[in-house]
Each structure stands twice: as C-alpha cells, then as structure tokens.
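The values are calculated or read from the model by the stated rules, or taken from the named source; none is laboratory data. Because the structure is a prediction, the values reported are computed rather than measured. Note: ideal-geometry Cβ built from the backbone for every residue, glycine included; neighbour counts use all protein chains shown. Accessible surface areas use protein heavy atoms only, side chains included; no ligands, DNA or RNA. Shrake-Rupley method; radii C 1.70, N 1.55, O 1.52, S 1.80 Å.
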Amino acid sequence: MIYNMRVYDLKPGAVPEYMKAVKEVALKIREDQGIKLAGWYYTDIGPQHRIVHIWAYQDYTHYEKARAAVHDDPRWANDYLPRVRGLAIKQQDTMMKGADFFPEPQ
C-alpha cells in the first residue's frame, strides 16, 4: 500500500467546520472508490488549527484512478468543495510507504 498524507493549516476556528464536511460528505465519496482512511488527526498541542489525514491506496495506479473518480464525482464539486473552500491557509501533500511492520488498514 501507499499512503497520501495531507496536512492542512486552517483558518482559526475552522477545524470543526472542516471535519463536519469531511464526515458528512467526503468520507463516503472516498470510500466509494476503495480509498481507506488510515488516520485522521487534529492538533491539541502544537501548531493550532492543523489537521492531518492519511489515505491508503493499493498502489499508484489505484491512487491515480481513485483521485480522478473522486474529483469527477458530482458530490465532490457540488456538496463538499463549497463547504471547505476558503478554510485552508496552507496545504502539504506527501506520498508515503508503510514500514513492513506497520499493519495495513482493514
């Protein structure tokens, strides 16, 4: 598996709004494409208003196909993006591999 780790710094106070949009809309869209949630975190101590989410893909082919399908899904453009647009100040996007002792998401 490969992992897409995304780190977003959000506007002050935007974390609950962002998380609600993900929970209500984005999770289902990604699940429909076989994308597994490998981790979801937000800061308690440290840089404030930061979220980190990690998505698991079978391989780079799955990543490319699933990413395109998510972006082509009308729910993404019509329901999700309008809710989160303008909430992020900064974004980092990294592709990672798991160590051989790391358990893959079920």
Residue check, residue 54 against (1) in a helix (DSSP H, G or I); (2) open to solvent by less than 60 Å² (accessible area, probe 1.4 Å), all met but one. Which one?
(1)
Starting from residues that are part of a helix (DSSP H, G or I) and over 10 Å from residue 21 (Cα atoms), keep the ones in region 71-85 and report whichever is most open to solvent (accessible area, probe 1.4 Å).
72
Sort out which residues of region 57-70 are surrounded by fewer than 14 Cβ atoms within 10 Å (Cβ to Cβ) and either under 13 Å from residue 2 (Cα atoms) or among the charged types (D, E, K, R) (or both), and write them in order of number.
59, 60, 61, 64
Any idea which of 53, 49 is on the phi > 0 side of the Ramachandran plot and in contact with a helix residue (DSSP H, G or I) (Cβ under 8 Å, 6 or more places away or on another chain)?
49
Breaking point among (1) modelled with pLDDT of 95 or more; (2) more than 11 Å from the chain's Cα centre (by Cα); (3) open to solvent by 40 Å² or more (accessible area, probe 1.4 Å), for residue 5:
(2)
Right, residue 11: in contact with a strand residue (DSSP E or B) (Cβ under 8 Å, 6 or more places away or on another chain), modelled with pLDDT under 95 and loosely packed, with under 15 Cβ neighbours inside 10 Å or not?
no
Restricted to region 14-24, and to residues that are open to solvent by less than 20 Å² (accessible area, probe 1.4 Å) and more than 17 Å from residue 46 (Cα to Cα), which residue is nearest to the chain's Cα centre (by Cα)?
22
